[in-house]
Structure formats: C-alpha cells, structure tokens
Amino acid sequence: MSTPPWAQQPPHPQAPEPPKKSKAKTCAGAGCLGIVGVVILGGVISVAGGGKSGSAPAAQSPAAAPSHSDHSAKAAASQSGARKKEPQTVTYVVTGTGGADIQYGPAGSSAQGTVPMNVTKPLRNPQYYSITAQLQGGGHVTCQLKVNGKVISQSTASGGYNIATCEISKDIFSGKWKDTNAG
C-alpha cells in the first residue's frame, strides 16, 4: 500500500553538495611560481623596453622592478611640485603724473597706495580684484591688474578728478580671469 502525499514526512535537510572540480589544470608547487615569475618579469621587460624591438634590457627581479603605481606616484609628485614652483600672483600697477588717491585689493578690502605703485600679492580665493585711481586736479594716471605677470585689465584717466578703474573677475565656467571693465 502506498502512503498518500499529505501523510509523507518532509525530507531531511541535506548537506550542500561539494563544489565540482574544474577540468582546468591547477598549478601547485614551486614550478608554478617559476611560470608566474617569468610572466611577470616578461611584462616588466616589455614595459621597461617601451615596446621597442631589439635587445631586451637586463632582467630585473620583480621586487627590484618599480611598479606602475610607483611611476604614477612619482609623476604626480613632480607635477604637484611644478605647480608649487609657480605661485599664482596678482600684481597691482599704477603709473602717471600728478597726485592720485589709490585704493586696491581683492573683494572686501581696500588698501591705500600712491603713484607710482607696483605691488604683487599671492592670488587667493577671491573671485574679484580691483584698482581705483582718482586724480586730484590734473595729470594722468594708468592702472593695470596682472595675473601671473599677464595684463588682464588696464585703464587710463586724464585731467580733473577723473578715475582710472581696473577690475578683474574669475569666470566660473572656464576658471580664467577676465577684464570686468570690458563689459
């Protein structure tokens, strides 16, 4: 007599099946290390030779060969060192004849100066720099604002109480400095 399906006992949980063995050959022992070492060393010789044909350079042990990350780190360090050697500067220049009241500086400041004036400061985070040079009754005055030695803005005023104004601001899209007076 057969047992009806509702009366049957649930099967007992079974242990998971062991993983099936791969048909690919595995490498074991020192022989494998020799093959891996030759493959790695071959890659180092290929990289060191720059992919050029001809005589191969002397073989290096993998431990003595510089890794790709070593080269990348050295390149990044030399590039950042190059950036540090070129400090970003802003230069305020005012020349002319006669007296002038001069105010200059980044946004939020107003230093005082006299003609002639040539002041270089580190370029910081402000997005705006300016010079205002107002004549005091006569003569002429010229102002220039330079970033890293390059003139970005220049203005001249003559006679009376006229004002030469130089203004620059940093373009938020390109990151380049532009002459705000050239509207």
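Some observations on this one:
- Within segment 104-116, residues that are part of a loop (DSSP other than H, G, I, E, B) have Cβ atoms under 7 Å from residues that are of a type in the set (Ser, Thr, Tyr) in these pairs: Ala107/Tyr128; Val115/Thr95; Pro116/Thr95, counting only partners at least 6 apart in sequence or on another chain.
- For segment 83-119, filtered to residues that are surrounded by fewer than 14 Cβ atoms within 10 Å (Cβ to Cβ) and within 17 Å of Gly149 (Cβ to Cβ), the residue that is nearest to the chain's Cα centre (by Cα) is Arg83.
- Considering segment 120-135, the residues that are in a strand (DSSP E or B) and under 15 Å from Pro87 (Cα atoms) include one that is most open to solvent (accessible area, probe 1.4 Å), namely Lys121.
- Selection count where residues are closer than 18 Å to Thr120 by Cα and open to solvent by 60 Å² or more (accessible area, probe 1.4 Å), scope segment 152-169: 1
- If you go through segment 152-183 and keep only what is more than 18 Å from Ala107 (Cβ to Cβ) and under 24 Å from the mean Cα position of the chain (by Cα), you end up with Phe173, Ser174.
- Taking segment 136-183 as the region of interest, the strands (runs of 3 or more DSSP E) fully inside it that hold 1 or more residues being more than 18 Å from Gln103 (Cβ to Cβ) and charged (D, E, K, R) are 150-160, 163-170, 177-179.
The values are calculated or read from the model by the stated rules, or taken from the named source; none is laboratory data. Quantities reported herein were computed from a predicted structural model and do not represent experimental measurements. When we count neighbours, we look across all protein chains shown, and the Cβ atoms used for this are built from the backbone with ideal geometry, even at glycine. With ligands, DNA and RNA removed, areas are computed over all heavy atoms of the protein, side chains included. Shrake-Rupley method; radii C 1.70, N 1.55, O 1.52, S 1.80 Å.
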